[in-house]
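Structure first, then comments.
The values are calculated or read from the model by the stated rules, or taken from the named source; none is laboratory data. Here the structure is a predicted model, which is why all the values come from computation and not from measurement. Using ideal geometry, Cβ is built from the backbone for each residue, glycine included, and neighbour counts are taken over all protein chains shown.
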Ligand SMILES: NC(=O)c1ccc[n+]([C@@H]2O[C@H](COP(=O)([O-])OP(=O)(O)OC[C@H]3O[C@@H](n4cnc5c(N)ncnc54)[C@H](O)[C@@H]3O)[C@@H](O)[C@H]2O)c1
């Protein structure tokens, strides 16, 4: 039996991870420390909230006193909590600096004081900057960091801090830099759920600039499996690059696929003013984790996309609550009487 402290467990990837872990390792205890920002939705975990092995703590990872008390007796920290949306970081970088950098520092300090057995830090491929379109280049563990938005700069900074705690204090850390995730419970401000839910609402889908931006896409369950393997067999101090099976699909093609699968009209696509400093292309070389730990993504992109579309169609109440802000009332009703 292990005790995990999962930060940001009420967000998109964190809640998928908790559901994955509790199914796979019944008997392990999970503490979910989440501030419930606009992106945190405890409804994602409503089906396990009465499980005695699950405990939810509403709080900020920047709160040193709280973190020190919550981390007592914890074996493994899996650190998802972050401000995660590039557009928001352009509008207001302050919470990104606070949570992503200072919050990570507070957790590292507490982990060091409490001799946790593993601190796993969830990071992004965006720390590596951008690659040119029409090139074969991919991010590798040797690619120099070149973050270009306040979001990616704050994540890059947190990665450096995590590595420094390993080198300086011997904290047993691992890091994963992952590409774009998609799947159930993703906040509908991100490309794929925004497109699906807008089409369901008969609204247009906004596409930045010329739409020729390329991302690497990974189904969230594959990401959870990668984290599981890294925790089980990963080498302490190591960074693992995690990515999907897509080969350079521009955003506009992804939107067109969604339109087709949902039987809608392409005239719903609306090109809008580009994001400042928009990174052209990300591509990730995940052969390292494949060679070392035997991980590879299990989900074909087309199938996983269709599955994700079905999930949003079958869980209309969930995303309508999120879009309307109603979901915030859930916490108040559920946890504050
Ligand atoms: N979504 C992706 O495609 C992607 C890809 C690679 C890496 N990542 C990384 O994975 C992690 C999770 O991403 P996500 O998409 O699930 O994000 P998300 O925005 O859906 O969830 C973030 C969670 O963190 C919580 N949180 C924010 N600030 C907090 C604070 N100060 N204290 C405690 N909790 C706080 C929020 O309430 C929310 O529940 C992030 O670190 C992100 O950088 C995401």
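Summary of values
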{"item": "Tally of residues being within 15 Å of residue 223 (Cα to Cα) and surrounded by 15 or more Cβ atoms within 10 Å (Cβ to Cβ) across segment 18-34", "result": "4"}
{"item": "Residues located in segment 84-98, provided they are within 12 Å of residue 153 (Cα to Cα) and near the ligand (Cβ under 7 Å from one of its atoms)", "result": "84"}
{"item": "Which numbered condition residue 134 misses (of (1) in contact with a strand residue (DSSP E or B) (Cβ under 7 Å, 6 or more places away or on another chain); (2) more than 15 Å from the ligand (Cβ to nearest atom))", "result": "(1)"}
{"item": "Yes/no for residue 67 being at pLDDT 95 or above, more than 21 Å from residue 183 (Cβ to Cβ) and either in a helix (DSSP H, G or I) or within 12 Å of the ligand (Cβ to nearest atom) (or both)", "result": "yes"}
{"item": "Of the criteria (1) assigned to a helix (DSSP H, G or I); (2) buried (at least 18 other Cβ atoms within 10 Å of the Cβ); (3) at pLDDT below 95, which one residue 246 fails", "result": "(1)"}
{"item": "Filter pass, residue 123 being under 23 Å from residue 296 (Cα atoms), within 11 Å of the ligand (Cβ to nearest atom) and touching a helix residue (DSSP H, G or I) at 6+ places or on another chain (Cβ under 6 Å)", "result": "yes"}
{"item": "Qualifying residue in segment 152-165 (condition: in a helix (DSSP H, G or I), away from the ligand (no atom under 16 Å from the Cβ) and buried (at least 21 other Cβ atoms within 10 Å of the Cβ))", "result": "yes"}
{"item": "From the options 4, 19, 45, 36, residue that is out of contact with any strand residue (DSSP E or B) (no Cβ under 9 Å at 6 or more places or on another chain) and either more than 6 Å from the ligand (Cβ to nearest atom) or at positive phi (or both)", "result": "19"}
{"item": "Contacts under 6 angstrom Cβ, first residue in segment 76-92 being within 10 Å of residue 122 (Cβ to Cβ), partner assigned to a loop (DSSP other than H, G, I, E, B) and at pLDDT 90 or above, 6 or more apart", "result": "80/8; 81/8; 81/61"}
